[in-house]
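Following: one structure in C-alpha coordinates, then a few remarks.
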Amino acid sequence: MKLKLTLLIILFISVKSMAQVESGKTGAWYMYFFDHKFKESQFGIQGDVQYRNWNLGGDLEQLLLRSGVTYRPKGVNAKFTLGYAHITTGTFGDSDDTSTESRIYQEALLPHKLGNRVYLTHRFRYEQRFVEDQDFRTRYRYNLFMNVPFNKSALEKGAIYAALYNELFVNGQRDIGDNREVEFFDRNRTYLGIGYVLKPGMKFQLGWMNQKTNGVGKAQLQLSFHHNF
(Lines give C-alpha, C1' and ligand atoms only; values in the text may rest on other atoms or scores of the structure.)
Protein backbone atom coordinates (compact mmCIF):
# COMPACT_ATOMS: atom_id res chain seq x y z
CA MET A 1 0.00 0.00 0.00
CA LYS A 2 2.83 2.40 0.88
CA LEU A 3 4.56 1.61 -2.45
CA LYS A 4 1.39 2.33 -4.44
CA LEU A 5 0.90 5.61 -2.58
CA THR A 6 4.51 6.64 -3.27
CA LEU A 7 4.13 5.88 -6.99
CA LEU A 8 0.90 7.90 -7.17
CA ILE A 9 2.56 10.90 -5.48
CA ILE A 10 5.52 10.78 -7.89
CA LEU A 11 3.17 10.47 -10.86
CA PHE A 12 1.10 13.46 -9.69
CA ILE A 13 4.17 15.65 -9.18
CA SER A 14 5.59 14.65 -12.58
CA VAL A 15 2.36 15.32 -14.48
CA LYS A 16 1.81 18.61 -12.66
CA SER A 17 5.31 19.86 -13.51
CA MET A 18 4.93 18.77 -17.14
CA ALA A 19 1.63 20.62 -17.46
CA GLN A 20 3.44 23.89 -16.69
CA VAL A 21 5.50 23.62 -19.89
CA GLU A 22 4.07 25.05 -23.08
CA SER A 23 3.41 22.30 -25.61
CA GLY A 24 5.00 24.41 -28.36
CA LYS A 25 8.37 24.15 -26.61
CA THR A 26 8.44 20.35 -26.56
CA GLY A 27 11.72 18.86 -27.72
CA ALA A 28 12.90 15.29 -28.29
CA TRP A 29 15.92 13.28 -27.17
CA TYR A 30 16.92 10.08 -28.99
CA MET A 31 19.43 8.05 -26.96
CA TYR A 32 21.54 4.90 -27.04
CA PHE A 33 23.19 3.62 -23.83
CA PHE A 34 25.72 0.80 -23.74
CA ASP A 35 27.48 -1.13 -20.99
CA HIS A 36 30.02 -3.92 -21.40
CA LYS A 37 32.01 -5.85 -18.82
CA PHE A 38 35.21 -7.51 -19.98
CA LYS A 39 35.28 -11.28 -19.43
CA GLU A 40 36.72 -12.41 -16.09
CA SER A 41 37.57 -8.81 -15.26
CA GLN A 42 36.28 -6.13 -12.93
CA PHE A 43 36.74 -3.57 -15.70
CA GLY A 44 34.53 -2.62 -18.62
CA ILE A 45 33.24 0.28 -20.68
CA GLN A 46 30.01 2.22 -20.76
CA GLY A 47 28.68 5.27 -22.55
CA ASP A 48 25.90 6.86 -24.50
CA VAL A 49 25.07 8.75 -27.68
CA GLN A 50 22.31 11.36 -27.43
CA TYR A 51 20.79 13.37 -30.26
CA ARG A 52 18.76 16.18 -28.69
CA ASN A 53 16.42 18.50 -30.58
CA TRP A 54 14.74 21.79 -29.69
CA ASN A 55 11.69 20.40 -31.46
CA LEU A 56 10.69 16.82 -32.29
CA GLY A 57 13.38 16.58 -34.97
CA GLY A 58 15.73 18.63 -37.15
CA ASP A 59 16.59 21.60 -34.93
CA LEU A 60 19.74 20.46 -33.12
CA GLU A 61 19.90 21.26 -29.42
CA GLN A 62 22.81 18.99 -28.55
CA LEU A 63 24.79 16.05 -29.86
CA LEU A 64 26.37 14.30 -26.89
CA LEU A 65 29.02 11.56 -27.21
CA ARG A 66 30.14 10.04 -23.91
CA SER A 67 32.15 6.99 -22.88
CA GLY A 68 34.18 5.79 -19.94
CA VAL A 69 36.08 2.95 -18.28
CA THR A 70 34.16 1.16 -15.54
CA TYR A 71 35.30 -0.72 -12.44
CA ARG A 72 33.15 -3.08 -10.36
CA PRO A 73 34.77 -3.94 -7.00
CA LYS A 74 34.38 -7.51 -5.81
CA GLY A 75 31.78 -8.14 -3.15
CA VAL A 76 30.14 -4.71 -3.61
CA ASN A 77 27.08 -3.94 -5.71
CA ALA A 78 28.51 -0.78 -7.24
CA LYS A 79 30.06 0.50 -10.45
CA PHE A 80 32.57 3.35 -10.78
CA THR A 81 33.35 5.16 -14.02
CA LEU A 82 36.02 7.54 -15.29
CA GLY A 83 35.05 9.00 -18.64
CA TYR A 84 35.02 11.74 -21.23
CA ALA A 85 32.22 13.46 -23.15
CA HIS A 86 32.13 15.75 -26.16
CA ILE A 87 29.07 17.95 -26.62
CA THR A 88 28.06 20.03 -29.63
CA THR A 89 25.34 22.54 -28.79
CA GLY A 90 23.16 24.20 -31.42
CA THR A 91 21.14 27.40 -31.23
CA PHE A 92 17.37 27.55 -31.26
CA GLY A 93 15.69 28.34 -34.59
CA ASP A 94 17.09 28.67 -38.10
CA SER A 95 20.68 29.45 -37.12
CA ASP A 96 23.32 26.78 -37.75
CA ASP A 97 25.73 28.22 -35.15
CA THR A 98 27.15 25.71 -32.67
CA SER A 99 29.45 25.66 -29.66
CA THR A 100 31.43 22.80 -28.16
CA GLU A 101 32.25 21.41 -24.75
CA SER A 102 34.75 18.80 -23.57
CA ARG A 103 33.91 17.14 -20.29
CA ILE A 104 35.73 14.76 -17.95
CA TYR A 105 33.59 12.98 -15.39
CA GLN A 106 33.74 10.56 -12.47
CA GLU A 107 30.68 8.55 -11.51
CA ALA A 108 29.44 6.12 -8.87
CA LEU A 109 26.41 3.93 -9.56
CA LEU A 110 24.80 2.20 -6.57
CA PRO A 111 21.84 -0.09 -7.41
CA HIS A 112 19.67 -1.91 -4.92
CA LYS A 113 16.25 -3.52 -4.71
CA LEU A 114 13.39 -2.37 -2.50
CA GLY A 115 10.97 -5.18 -1.73
CA ASN A 116 10.22 -7.65 -4.49
CA ARG A 117 9.59 -5.34 -7.45
CA VAL A 118 11.17 -1.91 -7.00
CA TYR A 119 14.61 -1.37 -8.54
CA LEU A 120 16.41 1.74 -7.29
CA THR A 121 19.72 3.17 -8.49
CA HIS A 122 21.63 6.13 -7.04
CA ARG A 123 24.00 7.88 -9.42
CA PHE A 124 26.55 10.42 -8.23
CA ARG A 125 28.48 12.28 -10.93
CA TYR A 126 31.21 14.94 -10.76
CA GLU A 127 32.04 16.82 -13.98
CA GLN A 128 34.98 18.98 -15.05
CA ARG A 129 33.74 21.12 -17.93
CA PHE A 130 35.70 22.92 -20.66
CA VAL A 131 33.00 24.97 -22.39
CA GLU A 132 33.80 27.09 -25.44
CA ASP A 133 34.25 30.81 -24.54
CA GLN A 134 33.92 30.10 -20.81
CA ASP A 135 36.33 29.58 -17.95
CA PHE A 136 36.87 26.09 -16.55
CA ARG A 137 33.93 25.00 -14.43
CA THR A 138 32.67 22.00 -12.48
CA ARG A 139 29.27 20.53 -11.74
CA TYR A 140 27.78 18.04 -9.28
CA ARG A 141 24.87 15.74 -10.17
CA TYR A 142 22.70 13.31 -8.24
CA ASN A 143 20.11 11.07 -9.91
CA LEU A 144 17.66 8.66 -8.31
CA PHE A 145 16.27 6.10 -10.78
CA MET A 146 13.31 3.83 -10.07
CA ASN A 147 12.05 0.97 -12.24
CA VAL A 148 8.93 -1.02 -11.32
CA PRO A 149 7.81 -3.98 -13.49
CA PHE A 150 4.05 -4.40 -14.00
CA ASN A 151 3.54 -7.85 -15.48
CA LYS A 152 6.51 -9.65 -13.93
CA SER A 153 8.29 -9.61 -10.60
CA ALA A 154 11.69 -8.95 -12.21
CA LEU A 155 13.17 -6.95 -15.09
CA GLU A 156 13.39 -10.00 -17.33
CA LYS A 157 12.43 -10.79 -20.92
CA GLY A 158 8.94 -9.54 -21.71
CA ALA A 159 8.67 -7.28 -18.68
CA ILE A 160 6.81 -3.99 -19.04
CA TYR A 161 7.88 -1.51 -16.41
CA ALA A 162 7.44 2.03 -15.14
CA ALA A 163 10.64 4.09 -15.36
CA LEU A 164 11.04 7.22 -13.23
CA TYR A 165 13.94 9.43 -12.23
CA ASN A 166 14.76 12.78 -10.76
CA GLU A 167 18.17 14.43 -11.20
CA LEU A 168 19.55 17.52 -9.47
CA PHE A 169 22.45 19.59 -10.93
CA VAL A 170 24.45 22.18 -8.98
CA ASN A 171 27.40 24.24 -10.22
CA GLY A 172 30.77 24.14 -8.53
CA GLN A 173 31.87 27.56 -9.85
CA ARG A 174 29.58 30.48 -10.53
CA ASP A 175 32.11 32.77 -12.27
CA ILE A 176 32.53 31.62 -15.89
CA GLY A 177 34.62 34.56 -17.12
CA ASP A 178 34.11 38.03 -18.65
CA ASN A 179 32.02 39.13 -15.64
CA ARG A 180 29.48 36.37 -16.29
CA GLU A 181 27.99 34.20 -13.58
CA VAL A 182 25.78 31.14 -13.42
CA GLU A 183 23.45 30.22 -10.60
CA PHE A 184 24.39 27.72 -7.92
CA PHE A 185 21.33 25.67 -8.94
CA ASP A 186 21.87 24.55 -12.52
CA ARG A 187 18.80 22.44 -13.35
CA ASN A 188 16.47 19.65 -12.30
CA ARG A 189 15.07 16.85 -14.45
CA THR A 190 11.96 14.79 -13.70
CA TYR A 191 11.18 11.83 -15.92
CA LEU A 192 8.25 9.45 -16.23
CA GLY A 193 8.23 6.69 -18.82
CA ILE A 194 7.42 3.13 -19.71
CA GLY A 195 9.92 0.45 -20.66
CA TYR A 196 10.00 -2.98 -22.26
CA VAL A 197 12.66 -5.68 -21.82
CA LEU A 198 13.19 -7.19 -25.26
CA LYS A 199 15.63 -9.79 -23.94
CA PRO A 200 18.43 -9.91 -21.35
CA GLY A 201 20.63 -6.88 -21.92
CA MET A 202 18.21 -5.03 -24.21
CA LYS A 203 15.57 -2.56 -23.03
CA PHE A 204 13.56 0.16 -24.73
CA GLN A 205 12.05 3.17 -22.98
CA LEU A 206 9.63 5.88 -24.07
CA GLY A 207 8.98 8.74 -21.71
CA TRP A 208 8.48 12.38 -20.95
CA MET A 209 11.02 14.55 -19.14
CA ASN A 210 10.53 18.01 -17.68
CA GLN A 211 13.73 20.03 -17.32
CA LYS A 212 13.70 23.12 -15.15
CA THR A 213 16.36 25.77 -14.78
CA ASN A 214 15.87 29.00 -12.84
CA GLY A 215 12.30 29.93 -13.74
CA VAL A 216 12.34 28.16 -17.12
CA GLY A 217 10.81 24.79 -17.90
CA LYS A 218 11.00 22.66 -21.03
CA ALA A 219 9.34 19.37 -21.92
CA GLN A 220 11.27 16.63 -23.71
CA LEU A 221 10.03 13.46 -25.36
CA GLN A 222 12.62 10.72 -24.79
CA LEU A 223 13.17 7.51 -26.71
CA SER A 224 16.06 5.34 -25.52
CA PHE A 225 17.65 1.95 -26.12
CA HIS A 226 19.68 0.39 -23.27
CA HIS A 227 22.18 -2.25 -24.33
CA ASN A 228 24.27 -4.43 -22.00
CA PHE A 229 26.57 -6.79 -23.88
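Dividing the Cα convex hull volume of segment 137-216 by residue count, how many Å³ per residue is that?
Normalising the Cα hull of segment 137-216 by residue number yields 107 Å³.
For segment 85-99 and segment 162-229, what is the centre-to-centre distance using only Cα atoms, to the nearest Å?
18
Rank Leu114, Leu192, Leu206 by mean-square fluctuation in a GNM of the chain with C-alpha springs under 10 angstrom and give only the top-ranked residue.
For the chain, modelled as a Gaussian network with Cα springs under 10 Å, the answer is Leu114.
Once the convex hull of the C-alpha atoms of segment 47-164 is built, how many Å³ does it hold per residue, rounded to a whole number?
134
Do me a favour and compute the ellipsoid semi-axes for segment 103-179 from its Cα gyration tensor, root of five times each eigenvalue, largest one first, whole Å.
That gives 37, 11, 10 Å for the three semi-axes.
Place a point 7 Å from the Cα of Ser41 along the Cα-to-Cβ direction; which residues of segment 63-87 have their backbone N under 18 Å from it?
The answer is 67-74, 79-84, whose backbone nitrogens lie closer than 18 Å to the label point.
At a Förster radius of 30 Å, what calculated FRET efficiency corresponds to the Cβ-Cβ distance of Thr100 and Arg72, to the nearest 0.05?
My answer for the efficiency is 0.40.
Roughly to the nearest percent, how much of the accessible area of the chain is carbon and sulfur, given a 1.4 Å probe?
The computed percentage sits at 62.
Kindly report the accessible area of segment 50-137 per residue (heavy atoms of protein chains, probe 1.4 Å, no ligands, DNA or RNA), in Å².
Spelled out: the 1.4 Å probe surface of segment 50-137, per residue, equals 54 Å².
Give the angle, between 0 and 90 degrees and rounded to the nearest 10, that separates the Cα long axis of helix 2-19 from the longest principal axis of the Cα atoms of the chain.
30
So which trypsin sites (Lys or Arg not before Pro) in segment 57-87 pass both tests, a DSSP loop state and at most 11 other Cβ atoms within 10 Å of the Cβ?
Lys74
Can you run phi through the Karplus equation (6.51, -1.76, 1.60; θ = phi - 60°) for segment 50-62 and list ³J(HN,Hα) in whole Hz, with x for Gly and Pro?
Couplings: 10, 10, 10, 10, 5, 10, 7, x, x, 9, 4, 9, 8 Hz.
Pairwise over distinct Cα atoms, reciprocal of the mean inverse distance: report the Kirkwood radius of the chain in Å, one decimal place.
So the Kirkwood estimate lands at 19.0 Å.
On full extension of the chain, what length is gained from Glu156 through Lys212, given 0.36 nm per residue of separation minus the C-alpha to C-alpha distance?
Full extension from Glu156 to Lys212 adds 16.8 nm.
Which longest run of the chain has no exposed loop site in it, a site being GluC sites (Glu not before Pro) in a DSSP loop with at most 12 other beta carbons within 10 Å, and the site itself not part of the run?
Longest site-free region, per DSSP loop and neighbour criteria: 41-131.
Taking R0 as 22 Å, what FRET efficiency do you get between Tyr30 and Asn116 from their Cβ-Cβ distance, rounded to the nearest 0.05?
0.10
How big is D, in µm² s⁻¹, for segment 190-229 by Stokes-Einstein at 4 °C and 1.567 mPa s if Rh is the Kirkwood radius over C-alpha pairs?
Rounded to a whole number, D works out at 114 µm²/s.
Using only the heavy atoms of the protein chains and a 1.4 Å probe, how would Phe130, Phe184 rank by accessible area, largest first?
Listed by decreasing accessible area, they come as Phe184, Phe130.
How much space per residue, in cubic angstrom, does the convex hull of the C-alpha atoms of segment 95-229 take up?
146
Give a residue-ordered list of calculated ³J(HN,Hα) values for segment 218-224 (Karplus: 6.51 cos²θ - 1.76 cosθ + 1.60, θ = phi - 60°; whole Hz; x for Gly, Pro).
Rounded to whole hertz, the list is 9, 8, 9, 7, 10, 10, 9.
The values are calculated or read from the model by the stated rules, or taken from the named source; none is laboratory data. Remember, it's a predicted structure, so these values are computed and weren't measured experimentally. All Cβ positions, glycine included, derive from the backbone under ideal geometry; neighbour counts span all protein chains shown. Calculation scope for accessible area: heavy atoms of the full protein, side chains included, ligands and nucleic acids excluded. Shrake-Rupley method; radii C 1.70, N 1.55, O 1.52, S 1.80 Å.
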